Amino acid sequence: MTYAQFHQRSLTERDAFWTEQAALIDWQQPPQQVCDYSNPPFARWFVGGTTNLCHNAVDRHVAARGDQAALIAVSTETDTERVYTYAELQREVERMAASLKSLGVGKGDRVLIYMPMIAEAAFAMLACARIGALHTVVFGGFASGALASRIDDAEPVVIVSADGGSRGGKPVPYKPLLDAAISLAAHKPAAVLLVDRGLVSMNYTAGRDHRWSDLRQQHLDARVPCEWVDATHPSYTLYTSGTTGKPKGVQRDTGGYAVALAASMKHIFQGNPGETYFSTSDIGWVVGHSYIVYGPLIAGMATIVYEGLPTRPDAGIWWQLVEKYKVTRMFSAPTAVRVLKKQDPAYLSKYDLSSLKALYLAGEPLDEPTAQWISSALNVPIIDNYWQTESGWPILTLANGVQAQTSKFGSPGVAMYGYDVKLFDESTGEELKGPNQKGVVAIEGPLPPGCMQTVWRDDQRFVNTYWKSIPGKLVYSTFDWGIRDEDGYFFILGRTDDVINVAGHRLGTREIEESISSHPNVAEVAVVGVADNLKGQVAMAFVVPKDASALDGDAARLKLEGEIMKVVDGQLGAVARPSRVLIVNVLPKTRSGKLLRRALQAVCEGRDPGDLTTMDDPAALQQVRELVQPG
Ligand code: ATP
Ligand code: MG
């Protein structure tokens, strides 16, 4: 079967298709109905079925591969490394589950996890799934305000945290931030469970705070069976990255998610039991949920939980892990690859990478120079994949497990099975069916298994936010702007917010960035549209140079500015030429490494930059402010 036929069948014979995929996981009660879409846009998958995510990720593998590696926890921050077999993982999860129960957590309750990248974070997630509680993982190191608002939204019974994380060898205390967040929040958790790594000393609040080492000891021999839950029972909530505005609380189901992940491990990631998967993301993001914790384990693979920088002790650390654990599938983000690109390329040839079969990249546009660089360095397929926190698994990529397909640089690939991806004209609502037409990337309902069920506690917000933006159509908007070529490959041109209208010409910031990044001295670039009296909007570019030392004088800067404008003129035409090119040391990004274009744009227009709770380095915006608002 060709992939095109496979995709077609997933839409035209939806129930038969997903019934086959549902057989990839274990069910306690088989589903009675594949998809209930009687109340659009709310889809209910595998209705009547009962299952458990933790059972599928852990327990079902124990008999066949109990002594094989399941979770490999590596920290170059604390110089520790520990391999948990499936049997050991099961026991640790049971201890955590018993501890959570003893603190009052029951089915349907929420547990907020505010943790560094350590094994206990995964134990906590799996323990929640085991007992039917919902986890809300909040990226470790988020400031108190961001954490407090998530505490109030999730209303957790228990918060699981640690004394701290570590970055570049420096401990990052978590407990003081957590204490401040709890006092800020209106909701108070009944208990806090703390992993003491011995990094930072902690003050315990009597009656509320508990040591994991104590509870683990009390429950050392605990056996906690998996709680069978309805397929539609929510498994977790997770916030979007906050790139375009206030983060949205995504709610995910259980059965649909398990099936979607199992199917993606087979058709997209081609992971086999006994192999090792290495995702360099963080459990605080959706990639960490789907492809550090659940996906690889559901597939019976070993998964690496890595705490540390990609460049410490040196820029070979990832490749050292690939060699040591014979990683077959690796998942990362363009931003991380760009960090490595600035390092000595010799690190890539230092290790035996022959186990590696593919590198998957997601989260933001993969620019061609970065893709080319890593592709020739690794000599394995580089597979871009486009998705969202909301979708839980790739929307656009290549399903090489179904049929090997060649990738096209600049394109994340084709619509994945289950996704009826369409392009619409944002102002008229007209569907753009022909090739090479630019429009909003949208998905016809029902969203496939694994996608968000709703916005946590806010069905109305789910409908209003996602399903009302294309005039006259009840379709899910991704809020990304794209184009589809004659072969069905999509190209993402930017966020719909980032479409610039210069004197009546609609341009994607992505197109301009792509063009600017082809200049040899450009390491990173961000383009935003800025209001202009004459033209409506003009493009402004912020460039991080590869070699800043040669740009000391004004003349050198002006020269680079001129060269960059020429590149854009030549590739896209003068309409796309940025009105200004500003040289900066660093671009404002979220903690997950995404460009905060809306903040750049707001500063350029002299507006308030809005919710910056997920921003990484406030200094980045300060430099921009000084450049655009001199004096
Ligand atoms: P928020 O929704 O809170 O503004 P966010 O959209 O950045 O934040 P995520 O769900 O983490 O939150 O990111 C999804 C978005 O990331 C997509 O909508 C798209 O804009 C971008 N993206 C993800 N993967 C790719 C890719 N492979 N190519 C281009 N863009 C991508
Ligand atoms: Mg988004």
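The values are calculated or read from the model by the stated rules, or taken from the named source; none is laboratory data. Note that the structure is a prediction, hence the values are computed from the model and not measured. All Cβ positions, even for glycine, are placed from backbone atoms using ideal geometry, and neighbour counts span all protein chains on display.
Is it the case that Glu514 is among the acidic types (Asp, Glu), modelled with pLDDT under 95 and assigned to a loop (DSSP other than H, G, I, E, B)? For Glu514, the condition - among the acidic types (Asp, Glu), modelled with pLDDT under 95 and assigned to a loop (DSSP other than H, G, I, E, B) - is not met. Of the residues Ala87, Ala148, the single one that is of a type outside the set (Lys, Arg), out of contact with any strand residue (DSSP E or B) (no Cβ under 8 Å at 6 or more places or on another chain), closer than 22 Å to Asn203 by Cα and surrounded by fewer than 24 Cβ atoms within 10 Å (Cβ to Cβ) is Ala148. When Ser161 is tested against (1) of a type in the set (S, T, N, Q); (2) in a helix (DSSP H, G or I); (3) under 26 Å from Glu94 (Cα atoms), just one condition goes unmet, and that condition is (2).
Scanning the stretch 532-558 for residues that are among the aliphatic types (A, V, I, L, M), surrounded by fewer than 10 Cβ atoms within 10 Å (Cβ to Cβ) and in a helix (DSSP H, G or I) turns up just one, Ala555. Hey, could you check the stretch 238-274 for residues that are charged (D, E, K, R) and either within 12 Å of ligand 2 (Cβ to nearest atom) or surrounded by 24 or more Cβ atoms within 10 Å (Cβ to Cβ) (or both) and say which is farthest from Phe331 (Cα to Cα)? This residue is Lys246.
Considering Asp384, Asp425, the condition of being under 30 Å from Pro41 (Cα atoms) and away from ligand 1 (no atom under 12 Å from the Cβ) is satisfied by Asp425 alone.
Pairs needed: first member in the stretch 415-440, under 16 Å from Thr478 (Cα atoms); second member anywhere, in a strand (DSSP E or B) and among the small types (Gly, Ala, Ser); C-beta distance under 6 Å; at least 6 residues apart or different chains. Final answer for the pair search is Val421/Ala415; Lys422/Ala442; Leu423/Gly439; Phe424/Gly439; Phe424/Ala442; Asp425/Gly439; Leu432/Gly439; Val440/Ser477.
How many residues are assigned to a helix (DSSP H, G or I) and either of a type in the set (A, V, I, L, M) or on the phi > 0 side of the Ramachandran plot (or both) when one looks only at the stretch 113-143?
Number of matching residues: 9.
Scanning the stretch 469-479 for residues that are in a loop (DSSP other than H, G, I, E, B) and within 16 Å of ligand 1 (Cβ to nearest atom), we see that the one that is surrounded by the most Cβ atoms within 10 Å (Cβ to Cβ) is Ile470.
Return the residues of the stretch 224-241 that are under 14 Å from the mean Cα position of the chain (by Cα), more than 17 Å from Asp253 (Cβ to Cβ) and β-branched (Val, Ile, Thr); say none if nothing qualifies. The one that is under 14 Å from the mean Cα position of the chain (by Cα), more than 17 Å from Asp253 (Cβ to Cβ) and β-branched (Val, Ile, Thr): Thr240. All conditions in (1) touching a Ser or Thr at 6+ places or on another chain (Cβ under 8 Å); (2) at pLDDT 95 or above hold for Ala143, with the sole exception of (2). Among the conditions (1) touching a Leu at 6+ places or on another chain (Cβ under 7 Å); (2) surrounded by fewer than 20 Cβ atoms within 10 Å (Cβ to Cβ); (3) under 25 Å from Asp79 (Cβ atoms), Ala143 misses just one, which is (3). Annotation note: of Ser355, Ser375, the sole residue that is among the polar types (S, T, N, Q), closer than 16 Å to Ser279 by Cα and surrounded by fewer than 18 Cβ atoms within 10 Å (Cβ to Cβ) is Ser355.
One residue alone among Val440, Val414 is in contact with a strand residue (DSSP E or B) (Cβ under 6 Å, 6 or more places away or on another chain) and in a strand (DSSP E or B), and that residue is Val440.
Scanning the stretch 334-360 for residues that are within 16 Å of ligand 1 (Cβ to nearest atom) and either among the hydroxyl-bearing types (Ser, Thr, Tyr) or within 19 Å of Lys546 (Cα to Cα) (or both) turns up Pro334, Thr335, Ala336, Val337, Arg338, Tyr360. Within the stretch 571-592, the set of residues being under 19 Å from Leu612 (Cα atoms), buried (at least 20 other Cβ atoms within 10 Å of the Cβ) and aliphatic (A, V, I, L, M) comprises Leu587 only. Selection within the stretch 363-379: residues that are in contact with a helix residue (DSSP H, G or I) (Cβ under 9 Å, 6 or more places away or on another chain) and farther than 17 Å from Leu493 by Cβ. The member of this set that is nearest to ligand 1 (Cβ to nearest atom) is Thr370. Consider Thr370 carefully, then state whether it is touching a Pro at 6+ places or on another chain (Cβ under 6 Å), more than 16 Å from ligand 2 (Cβ to nearest atom) and either modelled with pLDDT under 95 or of a type in the set (Lys, Arg) (or both). When the stated conditions are applied, Thr370 passes them. Scanning the stretch 375-412 for residues that are touching a Leu at 6+ places or on another chain (Cβ under 8 Å), over 16 Å from Lys266 (Cβ atoms), among the polar types (S, T, N, Q) and within 16 Å of ligand 2 (Cβ to nearest atom) yields Thr389, Ser391. Pairs linking a residue in the stretch 591-618 that is within 27 Å of Leu361 (Cβ to Cβ) and in contact (Cβ under 8 Å) with a residue 12 or more places away in the chain to a residue that is away from ligand 1 (no atom under 14 Å from the Cβ) and in a helix (DSSP H, G or I), with Cβ atoms under 7 Å and 6 or more positions apart or on different chains, are Ala599/Leu621; Leu600/Val624; Thr613/Gly145. Mind counting the residues in the stretch 359-369 that are without any contact (Cβ under 8 Å) to a residue 60 or more places away in the chain and more than 18 Å from Met265 (Cα to Cα)? Number of matching residues: 1.
Is it fair to say Arg484 is surrounded by 17 or more Cβ atoms within 10 Å (Cβ to Cβ), within 20 Å of Glu368 (Cβ to Cβ) and within 16 Å of ligand 2 (Cβ to nearest atom)?
no
One residue stands out among those in the stretch 599-621 that are aliphatic (A, V, I, L, M) and at pLDDT below 90: the one that is nearest to Ala148 (Cα to Cα), which is Leu612.
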